[in-house]
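Colleague: This is the structure I want to talk about, given as structure tokens.
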Amino acid sequence: MTHASILLPPSRSQRPGAAGRARLSVAGDAARALGLFTVARLLGVLVLAAAAWATDQRPLTLLGRSWDSLWYLGIAAHGYGVSEVFGPDVVHSDLAFFPLYPALVRLVTEAGPLSGGAAGLLVSWLAAYLAACGLFALGARLYGRAVATALVLLWGLLPHSIVLSMAYTEPVLTAFAVWSLYAVLAGRWLWAGALAALAGLSRPNGFAVAAAVLAAAAWECWTVRRAGGKVTHRLWTGAALAPVGWAAYVLWVGRREGDLPGGYFEVQRLWGSRFDLGRGSLRFVRHLLLGDEQLVFPMTMVIVAAALVLFALLVADRAPLPLVVYSGVLLLVALGGSGFFECKPRFLLPAFPLLLPLARALTRTARARPWHATVVVCALAGLSFCYGAYLVVVARTPL
């Protein structure tokens, strides 16, 4: 499943002058990719702002204080301990939300003059840029800088990419995930494990990063021992670190709730979220097909179906094992979990490897028929900007 070439260190046979020019060329391409990402997200925010002003709403309030953002900002300001009771089996507790993002928001508010909402946006925007840098680095390592640029652009033009400009945790998870996976492909196991641990502290589905690191470590152990070699302590340490963040928070909540292994999952159940192998999702799809629902729900179904197709293409393309495992776990969690069906596309935002087949196809199209590629990008941009504004400004469903 892994490309042997991507595990090798870069060649050191270049002359100093050639190496310097190569670095400048890479830096220029990376800046171009980040520039495209910036333009995409700025235009998305501007379209949202126009829609908000047209409906007498405040764009920054919508971006910084919508839905789950309010829970995270509350944790950042006051710590854990808030619950909203709607019935005996419906209790919304802030313990469902992982601690890394509110901790970063609190750090920003205490270090400067920004309020909670502005601090949340700053953390998310910086994380989105760090994630975009990681996407370029990983894409360039695997398939070259042209594909890397397309990968960054496509991630910034997803239908739900407006979330990357909001006070949400997906940019933070993606930033730690992409750099952890990059470290795995580079054989830097300590970095991979440490970043996976931080990813696990950012979101409930952050354990997908640890699963990818552990799978890659197991594969590396098997191949090394089969060849008669010795596994380094760095690999063992990195693998041991990977699940620590996610497991630590789950166990902390369990201890606080009086049920060490199951307390966190009970909190999620009371939110209406549990893993039921997709039975809840299938029931909702049946209701959707037979009923008359607003745009968000059929769009969610289309996005989830597209994600399944892209995952099949990723596997068929023989992508590196950690990318397949990471994307597969995120898909499994999104499809197998019940509750909040309309949130599933947001849960899949960190699944950036699914975009690699599209990025490669777009790059080939751009080389053969530039005009066709331009039309595709413009169509994706129009969908992303308009649908993002609709989600935040018009739709009354949770993001």
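Colleague: Which residue, of A366, A306, is part of a helix (DSSP H, G or I), surrounded by fewer than 17 Cβ atoms within 10 Å (Cβ to Cβ) and either small (G, A, S) or in contact with a strand residue (DSSP E or B) (Cβ under 7 Å, 6 or more places away or on another chain) (or both)?
Modeller: On the way: A366 fails: surrounded by fewer than 17 Cβ atoms within 10 Å (Cβ to Cβ).
Selected residue: A306, the only one of A366, A306 that is part of a helix (DSSP H, G or I), surrounded by fewer than 17 Cβ atoms within 10 Å (Cβ to Cβ) and either small (G, A, S) or in contact with a strand residue (DSSP E or B) (Cβ under 7 Å, 6 or more places away or on another chain) (or both).
Colleague: Next up: Any idea which of G144, G238 is open to solvent by less than 30 Å² (accessible area, probe 1.4 Å), in contact with a helix residue (DSSP H, G or I) (Cβ under 7 Å, 6 or more places away or on another chain) and either over 23 Å from L358 (Cα atoms) or not aliphatic (A, V, I, L, M) (or both)? Walk me through how you get there before you give the answer.
Modeller: Working: G144 fails: in contact with a helix residue (DSSP H, G or I) (Cβ under 7 Å, 6 or more places away or on another chain).
Answer to the check: G238.
Colleague: Kindly establish whether A334 is at pLDDT 95 or above and part of a helix (DSSP H, G or I). If you could, list the steps in order and put the result at the bottom.
Modeller: Details: at pLDDT 95 or above: no; part of a helix (DSSP H, G or I): yes.
The answer is no for A334.
To keep it simple, each residue is scored yes or no on (1) aromatic (F, W, Y); (2) closer than 20 Å to W246 by Cβ; (3) at pLDDT below 95.
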residue	(1), (2), (3)
L104	no, yes, no
A111	no, no, yes
A146	no, no, no
G156	no, no, no
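Colleague: Return the residues of the stretch 70-116 that are aliphatic (A, V, I, L, M), buried (at least 20 other Cβ atoms within 10 Å of the Cβ) and in contact with a strand residue (DSSP E or B) (Cβ under 7 Å, 6 or more places away or on another chain); say none if nothing qualifies.
Modeller: Listed by number, the list is empty, since nothing qualifies.
Colleague: Taking the residues in the stretch 30-69 that are over 30 Å from G134 (Cβ atoms) and touching a residue at least 60 places away in the same chain (Cβ under 8 Å) as candidates, determine which candidate is least open to solvent (accessible area, probe 1.4 Å).
Modeller: Applying the filter and picking the extreme gives A52.
To keep it simple, each residue is scored yes or no on (1) part of a helix (DSSP H, G or I); (2) crowded, with 21+ Cβ neighbours inside 10 Å; (3) at pLDDT below 95; (4) on the phi < 0 side of the Ramachandran plot.
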site: S180; (1), (2), (3), (4): yes, yes, no, yes
site: A196; (1), (2), (3), (4): yes, yes, no, yes
site: L214; (1), (2), (3), (4): yes, no, no, yes
site: K230; (1), (2), (3), (4): no, no, yes, yes
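The values are calculated or read from the model by the stated rules, or taken from the named source; none is laboratory data. Note that the structure is predicted; figures quoted are calculated from it, not measured. Because the Cβ atoms are built from the backbone with ideal geometry, glycine has one as well, and the counts that use them run over all protein chains shown. Protein only, heavy atoms only, side chains kept; ligands, DNA and RNA dropped before computing areas. Shrake-Rupley method; radii C 1.70, N 1.55, O 1.52, S 1.80 Å.
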